[in-house]
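Report on the structure given below.
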Amino acid sequence: MSDQYRSAVTAMPTSAQLGGEQPLPFVRFPFFPTSPWYSTNPNVGYQVRYYSTGVTPNDGDYQVGSEMTRTVQFDIPVRLIAVNGAAVLLDDSDIGANLFVNEQNMNLFYKFRLEYTTGDKLQTASRLASTVVGTARNPGEIGGHGYNIDQGASLVVGITPLIPNLNIDISFQCLEMRAPRNYAIR
């Protein structure tokens, strides 16, 4: 069949149909640790930068059980490598002194979701942060080559506190891709 007669696909292919040519349609490749792509162009440099956002009980939109959205802007292209979070209980008077928030359980007290500018959702639904957000000791790696974010794009972060008086910080560990200069010689 000639390539000049293309048509819309009405049934998306199965995972088996996405394989390459026989005899080896798939190969195994490590997924963790995250292995971002690096340019072979010697004029492109890289720098690690931590972008961040968060919520505090003093924020006007802070309400237990209600999602708050925050936007994180990226001026240059980056690859998101890991998402880490931490929560601190500022005052336990409303929930009792029996609750102790520490590194092992802090990401159980809020829900989290992440969405790209285009509407592409890294998490398809808001979930307990401990399922998708790591900590400094155990980073929440994205896996594969990371998550590409273009210059001028942003991430929409959804955070839902599940208890009162919780301070939540989220950090995005990114690999920035930098060009050698912002002008061209003609």
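Residue by residue through the stretch 109-119, which ³J(HN,Hα) values in whole Hz follow from phi under the Karplus form 6.51 cos²θ - 1.76 cosθ + 1.60 (θ = phi - 60°), with glycine and proline marked x?
Result, ordered by residue: 9, 7, 9, 9, 8, 9, 9, 7, 3, 6, x Hz.
Can you tell me the length gained on complete extension of the stretch Leu18 to Arg70, counting 0.36 nm per residue apart and subtracting the Cα distance? Don't skip to the answer; put the middle values down first.
Working: separation 52, 0.36 × 52 = 18.72 nm, distance 3.65 nm.
Working it through step by step, the gained length comes to 15.1 nm.
Among Cys174, Phe29, Leu114, which residue has its Cα positioned farthest towards the positive end of the charge dipole of the chain, with +1 placed on the Cβ of Lys and Arg, -1 on the Cβ of Asp and Glu, and the dipole taken about the Cα centre?
Most positive-ward Cα: Phe29.
Relative to the Cα centre, what is the charge dipole magnitude of the stretch 48-178, using +1 at the beta carbon of each Lys and Arg, -1 at the beta carbon of each Asp and Glu, and rounding to the nearest 20 debye?
400
Identify the trypsin sites (Lys or Arg not before Pro) of the stretch 1-56 meeting these criteria: DSSP loop state and at most 13 other C-beta atoms within 10 Å of the C-beta. Write out the running numbers ahead of the final one.
On the way: sites: Arg6, Arg28, Arg49; in loops: Arg6, Arg28.
Those that pass, being in a loop and sparsely packed, are Arg6, Arg28.
How many nm is it between the label spots at Arg28 and Arg127, if each spot is 7 Å from the Cα in line with the beta carbon?
Between Arg28 and Arg127, the simple spin-label model gives 2.4 nm.
Taking only C-alpha pairs under 8 Å that are 6+ residues apart, what is the relative contact order of the chain in percent?
Values: 345 pairs, mean separation 71.6, N = 186.
About 39 percent, as a whole number.
Average the reciprocal distances over every distinct pair of alpha-carbons in the stretch 48-178, invert the result, and give the Kirkwood radius in Å.
Numbers: mean 1/r = 0.0664 Å⁻¹.
Mean inverse Cα-Cα distance, inverted, gives 15.1 Å.
Size of the dipole of the stretch 12-123 about the Cα centre, Lys and Arg at +1 and Asp and Glu at -1 on the beta carbon, nothing else charged, in debye to 20? Walk me through the intermediate numbers first.
Numbers: 7 positive and 11 negative charges, 110 e Å.
Magnitude of the dipole: close to 520 debye.
Using the alpha-carbon centroid of each, what span in Å lies between the stretch 1-63 and the stretch 150-174?
21
Bear in mind that the values in this text are calculations on the coordinates, not laboratory data. Everything numeric in this text was worked out from a predicted model, so none of it was measured. Every residue, glycine among them, receives a Cβ derived from its backbone with ideal geometry; neighbour counts consider all protein chains shown.
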